[in-house]
Ligand SMILES: Cc1cc2nc3c(=O)[nH]c(=O)nc-3n(C[C@H](O)[C@H](O)[C@H](O)COP(=O)(O)O)c2cc1C
Ligand SMILES: C=C(O[C@@H]1CC(C(=O)O)=C[C@@H](OP(=O)(O)O)[C@H]1O)C(=O)O
């Protein structure tokens, strides 16, 4: 079983992640890990914090001479911003609608929302990406590769090859990913990318924020990961939970997802034929088991909750109406969320692969 735990607050000393269950013998490389972390950290619409953090890290255990040893892997990522926050306490008395502030402070019995905001912050997703890197390396050994891109920001939807092609053609997936990596919003249509950037600028000017939709495609998954026999072994359920756990994600679809509900059965399912099935509307999973096609996931991220032009809230000290708390924030982070989704998908698939293949060393 592959499992991981993260710890750390947004402006505390740093993040820690422990990944347990990784077999010995997986080659890893600090430069590659650093690249993964910067793919998540950067992006058009990210706030000033993205320039403060460098996500320097140390792998403190579980790796020797460039290979995993089978022991728990621990990675530390210090927060550079800690130096600026050390010894200071900035309370949040007006909970931000859409953040964890309001329910969190009531649940944990605090008099302000700061202790909640610190851990609810998506800063934690840096630790997940570090962890996901090791899972990606394990999957790579089996020829499994994970790709992601952004399809929409706010109302701007990119003009991309039809979804049926994005779900079923490896060359289309690879090309979209290559292009997305060139775009500051991680959208594979570079013209639409510019339109998205303008929309982000407009949102920022108005003190507003944006969300969007991203897709993740996994190529090379063998038949047989996950199982139909029990709810928590179903691969689609495990993947959906992992994506939904990313802060701000509010919707997940596998394959054609919600669109399938509108079709007749004869239109919705993928005929079975050799050597290859003609379509992949199921998105690579049937009955909770991978079926050998591309695993295809779409996810919707809500707009960032911290607004420079804030929504109404209340002052929790006296219950009087007031504007919600305002502080430095991202305007849009859909591209970063897609990178986090790659990591989460890698962790779920690596876990499912180890269930099937086992092994202490690879
Ligand atoms: C990469 C990334 C960056 C984010 N940056 C911010 C931010 O700067 N400000 C903010 O208020 N929320 C930000 N969020 C979103 C919040 O963390 C999220 O909306 C909050 O936890 C509540 O979402 P939930 O209801 O889905 O848990 C970010 C999310 C992600 C994935
Ligand atoms: C620090 C990161 O994301 C942060 C997530 C976040 C939030 O509320 O979720 C708020 C912002 O942090 P700050 O309040 O320091 O400006 C983001 O920058 C990161 O992704 O590395």
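Read-outs throughout are calculated quantities, based only on the coordinates presented, and are distinct from any laboratory measurement. Remember, predicted model here, so these are calculated numbers, not experimental data. Here the Cβ is made from the backbone with ideal geometry for all residues, glycine too, and neighbour counts use every protein chain on show.
Where the alpha-carbon atoms of the stretch 129-175 are placed on the principal axes, they occupy 36, 24, 13 Å, in descending order. Taking every Cα-Cα distance in the stretch 287-362 and sorting them into 5 Å bins from zero, the calculated P(r) comes out as 3, 11, 13, 14, 12, 10, 9, 8, 8, 6, 5, 2, 0 percent.
Centre-to-centre separation between the Cα atoms of the stretch 38-117 and those of the stretch 229-243: 27 Å. Could you tell me the center-to-center distance, by alpha carbons, between the stretch 297-362 and the stretch 246-296 in angstrom? With the stretch 297-362 and the stretch 246-296 each reduced to a Cα centre, they are spaced 25 Å. In angstrom, the C-alpha Rg and Dmax of the stretch 47-189 are 20.1, 54.
Pairing the Cα long axis of helix 190-205 with the longest principal axis of the chain, what angle in degrees results, from 0 to 90 and rounded to the nearest 10? Tilt relative to the chain: about 20 degrees. Please determine, in degrees from 0 to 90 and to the nearest 10, the orientation of helix 125-141 with respect to the longest principal axis defined by the Cα atoms of the chain, where the helix direction is its Cα long axis. Once rounded, the angle reads 10 degrees.
Here the calculated FRET efficiency for residue 32 and residue 274, from their Cβ-Cβ distance with R0 = 35 Å, stands at 0.40, rounded to the nearest 0.05. Taken over the stretch 3-69, the percentage of Cα pairs per 5 Å bin, counting from 0 up to the bin with the maximum distance, is 3, 13, 20, 25, 19, 11, 7, 2.
From least to most packed, judged by other beta carbons within 10 angstrom and beginning with the fewest, 186, 233 follow the order 233, 186.
Taking the longest Cα principal axis of the chain as reference, the axis of helix 30-41 is set at about 60 degrees.
Legend: translational diffusion of the stretch 3-357 by Stokes-Einstein, Rh = Kirkwood radius over C-alpha pairs, 10 °C, 1.306 mPa s; D = 75 µm²/s. Arranged from fewest to most other beta-carbon atoms within 10 Å of their beta carbon, 252, 334, 348 become 252, 348, 334. Taking the fewest neighbouring Cβ atoms within 10 Å as the starting point, the ordered list for 112, 236 is 112, 236.
Starting from a Cα-only point model with no solvent, please compute log10 I(q)/I(0) by Debye for the stretch 55-122 at q = 0.23 1/Å. So the normalised log intensities work out to -0.94. Between residue 182 and residue 5, the FRET efficiency estimated from the beta carbon spacing at R0 = 35 angstrom works out to 0.50.
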